[in-house]
1. Within the stretch A:91-100, can one find any residue that is buried (at least 20 other Cβ atoms within 10 Å of the Cβ), within 11 Å of chain B (Cβ to nearest Cβ), in a loop (DSSP other than H, G, I, E, B) and free of Cβ contacts under 8 Å to residues at least 24 places away in the same chain?
2. Restricting to the stretch B:70-100, what's the tally of residues that are over 20 Å from the mean Cα position of the chain (by Cα) and of a type in the set (G, A, S)?
3. So the check is Cβ under 7 Å with 6+ separation or different chains; which pairs have a first residue in the stretch A:77-89 that's at the interface with chain B (Cβ under 9 Å from one of its Cβ atoms) and a second one that's polar (S, T, N, Q) and part of a strand (DSSP E or B)?
4. For the stretch B:143-155, state whether one or more residues are surrounded by 22 or more Cβ atoms within 10 Å (Cβ to Cβ), in contact with a helix residue (DSSP H, G or I) (Cβ under 9 Å, 6 or more places away or on another chain) and aromatic (F, W, Y).
5. Looking at the stretch B:296-313 only, could you name the residues that are away from chain A (no Cβ under 13 Å) and either surrounded by fewer than 21 Cβ atoms within 10 Å (Cβ to Cβ) or within 13 Å of the chain's Cα centre (by Cα) (or both)?
6. Could you please find all residues in the stretch B:246-271 being at positive phi, crowded, with 17+ Cβ neighbours inside 10 Å and part of a loop (DSSP other than H, G, I, E, B)?
7. Being of a type outside the set (A, V, I, L, M, F, W, C) and buried (at least 22 other Cβ atoms within 10 Å of the Cβ) is the filter here; which residues of the stretch A:113-128 pass it?
8. Say we look at the stretch B:33-48 and pick out the residues that are of a type in the set (A, V, I, L, M, F, W, C) and outside any loop (DSSP other than H, G, I, E, B); which of these is surrounded by the most Cβ atoms within 10 Å (Cβ to Cβ)?
Amino acid sequence: MRFARTVAFAATLPLAAIAGAQACGEGLGGGKRIVENSHYIVVYATTPAAIEINRHFVVDFAVCPRGGARPPQSVRIDANMPEHRHGMNYRPGVTVLRSGTYRAEGLLFHMPGRWDLTFDVVAGNATQRLSSTMRVE
Amino acid sequence: MSGLPLRLLVAAAVACVVLGATAQPPAVVTFSPEELRRVLSLGPWPPPRRFDASNRVSGNAAAIAFGERLFRDTSLSGNGAIACATCHQPTRAFIDGLPRARGIAIADRNTTTLANVGGQRWYGWDGANDSLWAQSLRPITDAREMNSDFARVAARVRDDPELAARYRAAFSAAPDADDERLAVDAAKALAAYQETLVTGRTPFDDFRDALARGDMVAAARYPLLAQRGVAIFVGSGNCTFCHSGPRLSNGEFHDIGIGFFVEPGRVDPGRHEGIRKLKANRHNLLGAWNDDPARAAPTSTRFVALEHRNFGEFKVPSLRNVARTAPYMHDGSLATLRQVVRHYSQLDEDRLHADGERILKPLGLDQYDVDALVAFLESLSEPAVPAPAR
């Protein structure tokens, strides 16, 4: 499998800031965030909206192809602490809410600090990774 | 790390309104806003009482009394001489004071205190259980601890008139004919009792609450040396990365460079084996023994991941009452709090996993800072032995 590490650090913005992205992620809850690269837009919202240390949270997210990219065949979500060089102690499960929209359960940030939330979008032999950085205290 | 810079910051910080212009202001260490937020996150204490939905007798007074009775009952063990209270001694903060637990034989790990044991995500040094009642079954059936079995426990409850009456009072039914079901119920009563073991307030809690309400006069009653320890704990020491929240533990698992050889040629795999046992355990929260019809609790059990780095990881212990629970670490290898602080001060990075935590660095504390951290840790302990909160 070809793994194209098109990582979109620092591209995480409130949805309202991205012109044309409003249609992606319609129906998700409030506090939506967006991360994008040249192939995909990912719009996501967490429950609870403010992630608390040491408490499980849910991520609802939509993946929207752009620029002729293929629709995703599967998606994965994970998170890691680059400064600590480790990830979560939990492997989230992803279910399809509706076409192009997913729910990830089982995430838990067990330490404070910088976390990179990663979305792997698999289409054909390629995987696009989009990453959203956040600090959780 | 030198203690000098922060000592120079010992302030003059406040309370002029209260004291008047000529009075000496109280001495309170100056915390940055981030450090202050971390200090406040270590309370308040005690936390609100929560009941365990997976245990239908959680909070039930009759079950608590039944559980306390069972806790002291040596006849549950294979040799008739070991009770839960043999290792978890109520007059010793629910530990035995030994490096490694001694039941019928010597076990591999240190006895953990049962104070504040309710409401945790994982139980045991390896987190092999996800409920207090399942954890309560483990030592009963462990060959080196109580070396018993479901049949013995069930027979004891069924055949002893007093225990049978206590069972009926707690569960509103006659003792079950099925050995396993009755043993699990006995464990649930034991859990109901242990949930009541909550430590009291400590000098640190008074300091933390004084800071929360901006009462620097009250905060200044907390010894300055301990305040310096707090500053290291939430600041340069980064201790709150793992020792977080009012329990001062994130309830998860880390490798901190303590050796995991139990004896030459035999290792304690810690969390790695704990996850494997958890997944294989018919009494985990995913199974039919969970009394919560909504199955709301087991998110952690569903999604916990087995990783190579889990090898040699052990649970982060709570620091509540820590001065009363020596010796320390999963193998009881450190006899005093001072040795624990020196362990982190002189951490041997070569003993850490290559794929483990990268932020663990030797703290390089000077003598004053060691004294300060020890003073802070001692202030997390209540003055008297905890009494069960009913």
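1. No; the residues of the stretch A:91-100 include none that is buried (at least 20 other Cβ atoms within 10 Å of the Cβ), within 11 Å of chain B (Cβ to nearest Cβ), in a loop (DSSP other than H, G, I, E, B) and free of Cβ contacts under 8 Å to residues at least 24 places away in the same chain.
2. 6
3. Qualifying pairs under 7 Å: A:H86/A:N80; A:G87/A:N80.
4. Looking for residues that are surrounded by 22 or more Cβ atoms within 10 Å (Cβ to Cβ), in contact with a helix residue (DSSP H, G or I) (Cβ under 9 Å, 6 or more places away or on another chain) and aromatic (F, W, Y), one finds none in the stretch B:143-155, hence no.
5. B:F311
6. Within the stretch B:246-271, the first condition is being at positive phi, and the residues that meet it are B:248, B:251, B:257, B:265, B:270.
Keeping just the survivors that are crowded, with 17+ Cβ neighbours inside 10 Å gives B:248, B:251, B:257, B:270.
Scanning the stretch B:246-271 gives B:L248, B:G251, B:G257.
7. At the first step, the residues of the stretch A:113-128 found to be of a type outside the set (A, V, I, L, M, F, W, C) are A:113-114, A:116, A:118, A:120, A:124-125, A:127-128.
Of everything in the stretch A:113-128, just one residue is of a type outside the set (A, V, I, L, M, F, W, C) and buried (at least 22 other Cβ atoms within 10 Å of the Cβ), namely A:Q128.
8. So, considering only residues that are of a type in the set (A, V, I, L, M, F, W, C) and outside any loop (DSSP other than H, G, I, E, B), the one surrounded by the most Cβ atoms within 10 Å (Cβ to Cβ) is B:V39.
The values are calculated or read from the model by the stated rules, or taken from the named source; none is laboratory data. Nothing here was measured: the structure is a model prediction, and the numbers come from that model. Don't worry about glycine lacking a Cβ; one is built from the backbone with ideal geometry, like all the others, and counts go over all protein chains shown.
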